[in-house]
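Handing you this structure, nothing more for now.
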Amino acid sequence: MTILNPTNQKATLVKTDDGKRIIVDELMVDSKTGVIGKGYSPDNGKTLVVKQTIKGNLYDQDDANKLSPLLNKIPVDSLKLRSPNGTVFLLSVDDDGKLATRKVGESSEAN
């Protein structure tokens with residue numbers, strides 16, 4: 001395997017022993033969404049997957065599938081959810097298993 005990084009930038013050109021180029025952390029246009037950002041190619045450039053944009057990181061179903069088993073092991077006290085109009089709510093459960101919601105910014109006695 002050959003690793004080349006002549007300019008000491010973040011992106012590194014890596015070639016496998018059979019000469020295929022490994023594309024990681026390069027500026028590209030996502031093959032599915034058309035979003036511009038930095039990403040990778042799992043198949044030597046046929047498919048481009050953007051994971052970072054100027055607005056932040058992008059996550060897809062594959063990422064969710066990888067995280068889900070980890071999150072299921074961690075009990076949480078509440079979940080923060082955003083409604084379609086942008087209002088943020090905390091969802092929690094009491095000792096009897098009843099769900100409770102509270103608008104973020106309101107006191108706990110409000111609901």
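The values are calculated or read from the model by the stated rules, or taken from the named source; none is laboratory data. Just so it is clear, the structure is predicted and the values come from calculations on it, not from any experiment. No Cβ is skipped: glycine too gets one built from the backbone with ideal geometry, and neighbour counts run over all protein chains shown. Just so you know, the surface numbers come from the protein's heavy atoms only, side chains and all, with ligands and any DNA or RNA stripped out. Shrake-Rupley method; radii C 1.70, N 1.55, O 1.52, S 1.80 Å.
Which percent of the accessible heavy-atom area of the stretch 36-111 goes to carbon and sulfur, probe 1.4 angstrom?
Exposed carbon and sulfur together represent 55 percent of the surface.
Could you tell me which chymotrypsin sites (Phe, Trp or Tyr not before Pro) in the stretch 32-111 are loop residues by DSSP with no more than 16 other beta carbons within 10 angstrom of their beta carbon?
Answer by residue number: TYR59.
Defining a contact as two alpha carbons under 8 Å apart and six or more residues distant in sequence, what relative contact order in percent does the stretch 10-92 show?
Relative contact order comes out at 15 percent.
So, one more: Going through the cross-link list LYS20/LYS66; LYS32/LYS66; LYS55/LYS80; LYS32/LYS55; LYS46/LYS66, which pairs have a Cα-Cα distance over 29 Å in this structure?
none
Here's another thing I want to ask about it. If the viscosity is 1.306 mPa s and the temperature 10 °C, what Stokes-Einstein diffusion coefficient in µm²/s follows for the stretch 17-99 when Rh is the Kirkwood radius over Cα pairs?
Reported coefficient: 99 µm²/s.
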